[in-house]
Amino acid sequence: MIVGIILALIAGSLVGLQTIFNNKVNEHMGSWATTTLVLGMGFLASFLIGLFVEGAGMFTLHNMQPWYWFSGMIGVGVVISIVKGVKQLGPTYAISIVLTSQLAFALLFDSLGWFGLEQVPFTFKQLLGVLIIVGGILVFKLSGGTEKNQKQVAKAV
Amino acid sequence: MRGIIFAIAGGALITLQGVANARISHNIGSWQAASITQLTGFITALLIFLVVRDGKWQNFKQVKPLYVTGGALAAVIIFSSIIAMQQIGVTMTVSAVLIAQLGITFLIDSTGAFDVVKQKMRLPQFIGIGMMITGVILLGI
């Protein structure tokens, strides 16, 4: 459990860091050139690390399903949705909704146990936990004073 | 209204991407999953860029190399969140990711690191992070 939480915290810290770097690129290149560059870099890094760790095993794709090839397009859908959401609502509200939606769907996926993940039964305690986190997000985002911060987060995606 | 739907879809797709990666890695391995999703994402984004041409590719020379290579961090991000999802579930993973993400952004903003405009720490942001951590503890116990 602790290992999982630590890994998630590492992932989140790097997402925050990468968001800031991506903003800098975005300022000069626009959102699609940035998205292309970021995914290209991510692929190269993953592939090289994988090659180093797994060797030729990188090329043996057991039980490869056709839809796996298209899963990367989800990320493109993310960019389109968020760019449009921010354009219509402004960064503060759009990003607050995005973060809330992330959590709500996480709870949904856990309770349904889709995609062969271990099912986590839906309980009142879980709902309360998620509601408190969403409350925290809203206090963090909507209390003002970090307008610039929100713009940066919004531009990154 | 359409903006709200787009924002909800954006969040749903971020979570879906994470869950899909965890699922795919179960069959073909984590580094393979990270490579394949980003490769197809890269190709799709490149095709869209070639059609919409919303910016200049050549301008990357004006950006610091550190920022240009920031995308490489995704290798560790995807790998870590795949393992986390398998160990602690989707809700806990997303919650912990969001806490660290907002926390680190806030820290960088308040120190003015990486050429960002320095901003003062404010009480509501502390309260917000505190509430998020409380929620995660509640999920965990």
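The values are calculated or read from the model by the stated rules, or taken from the named source; none is laboratory data. All values derive from a computational prediction rather than experimental measurement. Here the Cβ is made from the backbone with ideal geometry for all residues, glycine too, and neighbour counts use every protein chain on show. The area values use the complete protein model at the heavy-atom level, side chains included, leaving out ligands, DNA and RNA. Shrake-Rupley method; radii C 1.70, N 1.55, O 1.52, S 1.80 Å.
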What percentages make up the Cα-Cα pair-distance distribution of the protein assembly as shown when the bins are 10 Å wide from 0? 7, 29, 38, 22, 4, 0
Hey, how much of the P(r) for the range A:71-130 falls beyond 19 Å, as a percent of Cα pairs? 46
At a 10 angstrom cut-off on C-beta neighbours, averaged per residue, how do the peptides B:123-129, A:82-88 rank from highest to lowest? A:82-88, B:123-129
When every protein chain stays in place and a 1.4 Å probe is rolled, A:Met64, A:Met29 sorted by accessible area with the largest first are A:Met64, A:Met29
Determine, from the Cβ-Cβ distance of B:Lys56 and A:Lys87 and an R0 of 30 Å, the FRET efficiency 1/(1 + (r/R0)^6), rounded to the nearest 0.05. 0.90
Kindly state, to the nearest 0.05, the FRET efficiency for A:His62 paired with B:Lys120, given R0 = 45 Å and r defined as their beta-carbon distance. 0.30
Longest to shortest principal axis, alpha-carbon extents of the range B:2-140, angstrom: 45, 42, 35
Cross-link list B:Lys56/B:Lys120; A:Lys141/B:Lys64; A:Lys125/B:Lys120; A:Lys84/A:Lys141; A:Lys84/B:Lys56: which exceed 31 angstrom alpha carbon to alpha carbon? B:Lys56/B:Lys120; A:Lys125/B:Lys120
Candidate span helices, chain A: DSSP H, at least 15 Å along axis from Cα coords, Kyte-Doolittle average at least 1.0, result A:2-29, A:31-54, A:73-89, A:91-112, A:124-142
Can you grab the distance from the C-alpha centre of the range B:55-130 to the C-alpha centre of the range A:123-142, Å, no decimals? 20
Just the ratio, please: alpha-carbon radius of gyration of chain A over 2.2 N^0.38 Å, N its number of residues. 1.20
